[in-house]
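The structure under discussion appears below in the form of structure tokens.
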Amino acid sequence: MKKTFLLSLSLISCLSLANAEDNGFFVSVGYQIGQATQIAKNTGELQKLNDSYKDLQNNLFQLQELNRAVADGSDQNKIQSAITSLQAFSNNNFTGTTYSPAYQGVNLALRMAIMAWTIFLGNGNLGWKMQSTYKQTGQEINQLAKQIIEGFNKITTLNTDNRPANQDIKGETLAEVREVKNANHSTLTTTPQGLLTLAKQMMDKFASMDIYVVGDGKRYTGQTQNTLIKQNPVLLKTQAALKNAQSLINATYNLNTTQNNLQQKQSGEGANTSEFNQKFQQAAKEQQQVLSLAQSIVDDYKAMPQGAQDAFKDCTKILNTKQDITGSEKFSICANPAESATATQASINYYGNQPNSNLQLANDVINLANNKTALKNTFASTQSLGARLDLNPNSKLALQNIVYSTNNPNAPTIDRVDYHINPIQQSNLTNALAAMSANPFRNIGVIKSQGNSGVMNGIGVQLGYKQFFGATKRMGARYYGFFDYNHTYIKSDFFNSASNVLTYGVGSDFLYNFINDKEMKKNRLSFGGFAGIALAGTSWLNSDKAVLLNTPEFNASNTPYKASVSASNFQFLFNFGLRMNLADNSKKNEHAIQHGIELGIKIPTINTSYYSFLGAKLEYRRLYSVYLNYVFAY
């Protein structure tokens, strides 16, 4: 009996050992899908510090500008040089031609009027047929055109009286039409003012007629449809140019008078008085007005349709339509405003930045006392702001002495303090602002926590060893190394990222088989669950890492404001799921070939602190991955 009992125990023990999953090495590979998150935080400290730095920088710019304004406004040599340039400009403009924007601008406006007449009426009634109602008007227009052409050929300069440019003009209005008698005792207008008046009358008569521009006239004015002459762009732009030309003559005479008075106030008892300062400023403004009006006439010409400009450049087509053109009539056909527009623009460009410099200096002179007061106040406020920033724990620049003052013994008693900016500290401030101002966290404001998610897809590989223990061998453990690759794209309001996520490390799982090595026809089946942990590293290979690392707005490596950028970190994961194992039932040795399937989930727990800068943070985490693995074991 005792022997029978011992034999039974031995048999049960052998059967138990036989019905258990084999220990051994395994390798698994499978597909993973999951979710990743991007977490942005911003305390606003970056924005606050950046704003304070910008305030300081603006103060420095203002201090520099006030230093310049006070120095220039006190510099008698610069003032005298500006007065001389204003006088030269006025003389050129009033009595010259090539370098006279006024002469060239008036010339252009008159040429536009002559060419407009040529196209509308002067060349054998081109463009539209004169109705009987307007024949008288057409004759009046032709008479005006003839007077303009004859007078135009005699214009030399704006100073048609041949008076010295600095002589006062008395007893005349600027719009007065001066007339002389030609050899045939007919009236001949030779002043620019008079010719502009005639040209305006001519354009007004055109505009008074309800006649359409058709045929060649339509083509020569750059139109594709018939238009009323009063609405034709050539007529409208010519009228605008004539109006600007008359204003240009007025501004030229005004400047000539002002600069004559300026010379008187510059010498004797009137030197450097308030009246001199005002006249200086007035002359500089009038110089700018002259150039602006001349430019407006050029712009009026260039605003005409391109077809009209082409016709104005090439008169041969119009010329060929009429055979009996001689003398001044031929000039009317070939007025060529394009050539005049080029000459006008050249006369404007000749003076470069001189008008702006003169006006700036005149403003500095007239505002000298106010600028001195503002300079002292700006220096004091800049000193105070620099001292406050020195106490800010986020500020890493020495700014307390960014501005300083020295005594100038050669200056008048009231002006003996000179104000200076430390160039090294100013350069450091500029670099710091460049490092911060374009940072996206600077512009998005305070964010307590903002999360954005994206889907992850990838593969995973495991290689390890499993073993089972206990009387029934249902429980076991496995130990493995693993590598996971996933790709994700996360879209956010301010920073989109395409990421390749690598997770690599070691893990250990507890195994439990609900079905333990059940005999089947050709295999033995084991089915159970697992749960475990893994210690790993995670690397986020973002497409934007190069941007974060290498661009000044993200990572100011050459300043004290270098951001912390890290793509990798330690990771702790939970791992659990279900597993099935099929062992070959025809094994002839200790180990059988095994095939298995696992359905599991991995949950990482630690965020990757990817980017950190003055309270601004950008973090990533692989939230979870569900995986389906094929397992081979032996």
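What follows is calculated from the coordinates using simple rules that are stated; it is not laboratory data. Everything numeric in this text was worked out from a predicted model, so none of it was measured. Note that each Cβ is placed from the backbone with ideal geometry, even for glycine, and that neighbours are counted across all protein chains shown.
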Quiz prompt | Amide H within-cut-off set for Asn422, under 5 Å, with H built and near neighbours excluded | solution = Val403, Tyr404
Practice problem: In nm, give the distance between the simple-model label positions of Val461 and Asn500, each being 7 Å from the Cα along the Cα-to-Cβ direction. | Solution: 1.4 nm
Quiz prompt | Packing-based exposure ordering (other Cβ within 10 Å, fewest first) of Glu286, Glu21 | solution = Glu286, Glu21
Quiz prompt | Gyration tensor verdict on region 338-480 (Cα atoms; rounded if a/c is under 1.5, prolate if a/b is larger than b/c, oblate otherwise) | solution = oblate
Quiz item: What residues qualify as long-range amide H neighbours of Tyr611, i.e. H under 5 Å apart, gap of 5 or more or another chain, H built at 1.01 Å from N?
Solution: Ser566, Leu618
Quiz item: Working out 0.36 nm times the residue gap between Asn394 and Lys302, then minus their Cα-Cα distance, what length gain in nm do you get to one decimal?
Solution: 27.5 nm
Quiz item: Can you list residues whose amide H is under 5 Å from Ile211's amide H, if they're 5+ apart or on another chain and H is modeled 1.01 Å from N?
Solution: Ile229, Lys230
Quiz item: Given the pairs Lys154/Lys313; Lys396/Lys448; Lys205/Lys302; Lys54/Lys372; Lys473/Lys522; Lys521/Lys602, which span a C-alpha to C-alpha distance of over 29 angstrom in this model?
Solution: Lys521/Lys602
Quiz item: If you take the beta carbon distance between Thr97 and Arg68 as r and set R0 to 30 Å, what does 1/(1 + (r/R0)^6) give as a FRET efficiency, to the nearest 0.05?
Solution: 0.20
